[in-house]
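Beneath this line is the structure, given in structure tokens, with notes to follow.
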Amino acid sequence: MATGRETASVFCAAALVGLCPWFSQYRRADEVAVFVEKFAAAHPHDPVGFHMLGTSGTVTTIAGVFLQLRRYDRRRVDGCWLSDQEISSVVAELMAMSFDERAANPCIGAERADLVLAGCAILDAIRRSYPCPRLRVADRGLREGMLVEMMREDGVWGEA
């Protein structure tokens, strides 16, 4: 089972894949998967009892679309569980939408209407390398919680 630091590495790798200059919003998940697979090979996981924790951006957008929110509501999104099939269904729905349809969705908007497709490709690549039955959505507090956990492991932060 992954430790806190290994989990943090998976999150960092997911973020870095999204920031790489070679990434084009039109690349497909199988093209992105090449990069994620290298990371996954170096950081294997035990799929028994494994679930993903997704934070911000694409993952929260997918949750908002799945919940059919009339406007984005972080209180409803934060802590939401999505099954693998639910994620796949929303991704397929987003891929089938035109730019204008995505822009009109209150959980996406015009500024993210193209970017969300790139995020879906990255998420699909991560899901291929780290298959799991469900994902938990976090809209806040993940970085702070990870930092406190690592500081406690290093003995520089005491129990409150």
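By the beta-carbon count within 10 Å of each Cβ, the least crowded to most crowded order of Arg134, Arg112, fewest first, is Arg134, Arg112. The loop-placed GluC sites (Glu not before Pro) in the stretch 76-160, going by DSSP, that have at most 16 neighbouring Cβ atoms within 10 Å of their Cβ come out as Glu159.
Neighbour counting of Cβ atoms within 10 Å sorts the residues Phe35, Phe50, Phe99, fewest neighbours leading, into Phe99, Phe50, Phe35.
Length gained on full extension, Arg140 to Lys38: 33.9 nm, using 0.36 nm per residue less the C-alpha separation.
What the phi angles of the stretch 61-71 give under the Karplus curve with 6.51, -1.76 and 1.60, with θ = phi - 60°, is a coupling list of 5, 4, 4, x, 5, 4, 6, 6, 6, 6, 7 Hz, glycine and proline written as x.
Grab the other residues whose beta carbon is less than 14 angstrom from that of Ser83, score K and R as +1, D and E as -1, and report the net. Overall, the nearby charge balance is +1. Taking amide H atoms as placed 1.01 Å from N in the peptide plane, the amide H of Ala138 lies under 5 Å from those of Gly54, Thr55, Ser56, Gly79, each 5 or more residues away in sequence or on another chain.
Only the coordinates and a few stated rules stand behind these numbers; no lab work does. Note that the structure is a prediction, hence the values are computed from the model and not measured. All Cβ positions, glycine included, derive from the backbone under ideal geometry; neighbour counts span all protein chains shown.
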